[in-house]
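Heads up, the thing below is written out as structure tokens.
The values are calculated or read from the model by the stated rules, or taken from the named source; none is laboratory data. In this text, all values refer to a predicted model and were calculated from it rather than measured experimentally. Positions of Cβ are generated from backbone atoms using ideal geometry, with glycine treated the same way; all protein chains shown enter the neighbour counts.
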Amino acid sequence: MKLLIRGAGVTGLTLAHELALRGVDVTVVDVSRQIAGNASWQAGGMLAPWCELESAEEAVLTLGRGAADWWDAALPGHVMRNGTLVVAPARDADELDRFGRRTSGFRKVDAETIAALEPDLEGRFGRALFFADEAHLDPRKALLGLQKQLVRMGVRFEFGYGAVQAPGGPDFDADCTGIAGRQPGLRSVRGEMLILRTSEVALARPVRLLHPRIPVYVVPRSGNLFMVGATMIESDAAGPVTARSVMELLNAAYALHPAFGEAELVETGTGIRPAFADNLPRVEREGNTIRINGLYRHGFLLAPAMARQAAAMILGTEMEKERALEAHH
Ligand SMILES: Cc1cc2nc3c(=O)[nH]c(=O)nc-3n(C[C@H](O)[C@H](O)[C@H](O)COP(=O)(O)OP(=O)(O)OC[C@H]3O[C@@H](n4cnc5c(N)ncnc54)[C@H](O)[C@@H]3O)c2cc1C
């Protein structure tokens with residue numbers, strides 16, 4: 001069976017992996033010249049289904065709780081399972097209680113535990129919520145690593161073309177083009193982010209800083225880098241970050257630790273999240289075309305579950321047979 005996947009973001013690559021594993025002949029095409037610049041490239045890489053409950057449906061937890069295992073199996077060594085720490089400045093301490101009421105899967109920790117988990121935050125916050133089962137990865141390394149792995153598995157990539165056909169014509173066509181998908185009801189949610197570099201702060205895990213207006217997170221990456229994200233603006237404007245957003249993101253980073261004030265601002269970026277009205281992703285089939293879209297702020301978290309659903313649709317009974325055989329053994 002031949003499959004043509006349009007879009008080499010996290011959605012397309014995850015689907016490619018799920019199907020190449022099952023022996024499907026996969027070609028991935030992308031209008032872009034490289035794996036970069038799309039929404040996936042700008043992501044924080046948090047695999048945080050419990051924290052996300054703060055503003056998401058229970059389905060995000062159900063679909064996302066297996067994500068860290070999926071990434072671990074697909075790309076061993078990329079997933080860091082250090083949990084998430086959620087803190088609030090003293091004047092916004094009520095926000096911590098509100099966050100706790102809307103989420104699950106955490107324990108309340110005191111200043112001593114905060115210092116044990118993140119020594120550089122010692123003395124800065126009196127209490128926090130610790131989501132021990134959450135994980136994160138570096139999305140850029142994960143996308144490039146997955147592409148490399150897919151090439152080894154025999155998947156072909158064509159960059160700079162949107163209309164290339166799989167040789168001989170595909171049996172199935174999968175549209176994973178994110179915001180370019182133009183499905184009815186799909187909307188754009190602009191997300192701006194920064195990357196800071198400093199050797200003055202070390203964090204082992206993503207830290208979310210609550211604030212009534214703009215909650216911000218800081219995700220540590222290798223090389224003394226920290227991704228600071230992200231705005232949520234109902235807009236399809238893909239242009240550069242605004243001065244206001246930079247100020248707000250930097251203020252939050254500075255409130256987390258003043259040493260971020262001396263950090264180098266090495267990058268600013270904008271990504272457009274594709275979302276439906278309910279902010280939940282959809283897998284749709286129309287004849288031999290599959291569409292996966294609406295991953296919103298959960299691309300890395302939910303793409304594995306969406307890829308599995310799409311693979312089941314594509315392979316249909318063949319997969320059922322496979323499962324029956326596995327069960328038999
Ligand atoms: C700032 C920010 C932070 C985020 N943080 C997180 C996070 O911590 N955790 C998490 O899980 N999610 C996060 N997200 C959400 C996540 O990034 C998105 O849900 C995800 O990237 C959507 O992936 P996608 O593959 O559907 O779309 P995209 O990544 O946009 O990929 C779509 C691809 O399709 C290509 N394309 C377009 N048109 C065509 C065509 N006609 N033919 C072929 N190719 C085409 C594009 O070039 C692009 O490469 C974040 C998003 C942003 C913006």
* Give me the pairs: first residue in region 178-205 and on the phi > 0 side of the Ramachandran plot, second residue among the β-branched types (V, I, T) and in a helix (DSSP H, G or I), beta-carbon distance under 9 Å, and six or more apart or on different chains, which are they? -> G178/T11
* Can you find even one residue in region 204-212 that is at pLDDT below 95, closer than 26 Å to G100 by Cβ and out of contact with any His (no Cβ under 7 Å at 6 or more places or on another chain)? -> yes
* Failed item, numbered, when D25 is tested on (1) near the ligand (Cβ under 8 Å from one of its atoms); (2) more than 19 Å from N293 (Cα to Cα); (3) surrounded by fewer than 24 Cβ atoms within 10 Å (Cβ to Cβ) -> (1)
* **Subset of region 277-297 [surrounded by fewer than 17 Cβ atoms within 10 Å (Cβ to Cβ) and closer than 22 Å to R190 by Cα]** => A277, D278, R282
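Looking at region 62-119, what helices (runs of 4 or more DSSP H) fall wholly within it and have at least 2 residues that are touching a helix residue (DSSP H, G or I) at 6+ places or on another chain (Cβ under 7 Å) and touching a residue at least 12 places away in the same chain (Cβ under 8 Å)?
Passing ranges, in order: 67-74, 93-102.
Of all residues in region 47-60, which are in contact (Cβ under 8 Å) with a residue 24 or more places away in the chain and out of contact with any Ser or Thr (no Cβ under 7 Å at 6 or more places or on another chain)? Even if it seems obvious, please write down each step before you answer.
First pass over region 47-60, keeping only residues in contact (Cβ under 8 Å) with a residue 24 or more places away in the chain: 47-57, 59-60.
Of everything in region 47-60, those that are in contact (Cβ under 8 Å) with a residue 24 or more places away in the chain and out of contact with any Ser or Thr (no Cβ under 7 Å at 6 or more places or on another chain) turn out to be L47, P49, E52, S55, A56, E57, A59, V60.
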* Asked: Taking the stated definitions as given, is R187 within 14 Å of the ligand (Cβ to nearest atom), within 22 Å of the chain's Cα centre (by Cα) and within 22 Å of L47 (Cα to Cα)?
  -> no
* To do: Return yes or no: is A243 without any contact (Cβ under 8 Å) to a residue 24 or more places away in the chain and small (G, A, S)?
  => yes
* Structure fact -> Of the residues in region 66-97 that are surrounded by fewer than 18 Cβ atoms within 10 Å (Cβ to Cβ) and among the acidic types (D, E), the one that is modelled with the lowest pLDDT is D92
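Residue by residue through region 35-56, note down the ones that are part of a loop (DSSP other than H, G, I, E, B) and within 9 Å of the ligand (Cβ to nearest atom).
I35, A36, G37, N38, A43, G44, G45, A48
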* Matching option when the condition is in contact with a Lys or Arg (Cβ under 9 Å, 6 or more places away or on another chain) and either touching a residue at least 60 places away in the same chain (Cβ under 8 Å) or not in a strand (DSSP E or B) (or both), among L302, L249, L280, L295 -> L295
* Give just the number: which of (1) at pLDDT 95 or above; (2) surrounded by fewer than 19 Cβ atoms within 10 Å (Cβ to Cβ); (3) farther than 27 Å from S40 by Cα does F125 not satisfy? => (2)
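Looking only at region 219-234, decide whether some residue is part of a loop (DSSP other than H, G, I, E, B), more than 10 Å from the ligand (Cβ to nearest atom) and either within 24 Å of T14 (Cα to Cα) or among the basic types (K, R) (or both). Talk me through it step by step, then tell me what you get.
Restricting attention to region 219-234, the residues satisfying the condition of being part of a loop (DSSP other than H, G, I, E, B) are 222-224, 230-232.
Those left that are additionally more than 10 Å from the ligand (Cβ to nearest atom): 222-224.
Next cut, either within 24 Å of T14 (Cα to Cα) or among the basic types (K, R) (or both) only: 222.
Taking every residue of region 219-234 in turn, at least one turns out to be part of a loop (DSSP other than H, G, I, E, B), more than 10 Å from the ligand (Cβ to nearest atom) and either within 24 Å of T14 (Cα to Cα) or among the basic types (K, R) (or both).
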* **Test for L63: is it over 25 Å from I195 (Cβ atoms), surrounded by 21 or more Cβ atoms within 10 Å (Cβ to Cβ) and within 19 Å of the chain's Cα centre (by Cα)** => yes
* Asked: So, of the residues in region 198-209 that are away from the ligand (no atom under 16 Å from the Cβ) and buried (at least 17 other Cβ atoms within 10 Å of the Cβ), which turns out to be nearest to L85 (Cα to Cα)?
  -> V201
* Taking region 252-268, which residues are among the hydrophobic types (A, V, I, L, M, F, W, C) and either assigned to a strand (DSSP E or B) or touching a Lys or Arg at 6+ places or on another chain (Cβ under 7 Å) (or both)? -> A263, L265, V266
* Of the residues that make up region 172-190, is at least one within 22 Å of A93 (Cα to Cα) and of a type in the set (A, V, I, L, M, F, W, C)? -> no
